[in-house]
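Asks: The structure that follows is given in the form of structure tokens.
Values quoted throughout were computed directly from the atomic coordinates according to the rules given, and no laboratory measurement underlies them. The shown structure was predicted, so the numbers you read here are calculated from the model rather than taken from an experiment.
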Amino acid sequence: MWQLLSALTNISVMTLTEVGIEVARARRARGLSQSDLARASALSRQTISALERGAIPDIGVRKLIRILEALDLDFLLRPAGHSVTLDDLRPGSP
């Protein structure tokens with residue numbers, strides 16, 4: 001399972017649909033259009049739109065990381081069942 005660590009340090013297990021919702025929220029908060037985000041992540045606007053609408057069945061990790069980097073968000077993996085600690089919330093923690 002993968003998790004998204006948002007700029008608000010809201011750590012939780014997310015489905016791809018929920019990731020899309022967070023991507024849309026972060027994009028709008030930064031005043032970016034889907035086309036802007038597509039250019040910044042070297043993807044098509046259709047891919048961004050499908051992700052945000054929950055209409056994409058799967059997306060590669062590299063593509064997702066490019067989108068998240070363009071939005072200044074991080075991709076975080078951790079062991080299943082790992083409880084969130086204060087160390088997890090510190091910038092630069094493994």
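Asks: Evaluated at 37 °C with a viscosity of 0.692 mPa s, what Stokes-Einstein diffusion coefficient in µm²/s does the stretch 35-77 have when Rh comes from the Kirkwood expression over alpha-carbon pairs? Can you show the working numbers first?
Replies: Numbers: Rh = 10.5 Å.
After rounding, the answer is 314 µm²/s.
Asks: Here's another thing I want to ask about it. Roughly speaking, what is the stretch gain from Thr15 to Leu77, that is 0.36 nm per residue apart minus the C-alpha to C-alpha distance, in nm to one decimal? Write down the numbers at each step before the final one.
Replies: Working: separation 62, 0.36 × 62 = 22.32 nm, distance 1.37 nm.
Additional length available on full extension: 20.9 nm.
Asks: Tell me, in nm to one decimal, what length is gained between Ser44 and Asp87 on full extension, where the rule is 0.36 nm per residue of separation less the Cα-Cα distance?
Replies: On the way: separation 43, 0.36 × 43 = 15.48 nm, distance 3.63 nm.
Contour length minus the Cα-Cα distance gives 11.8 nm.
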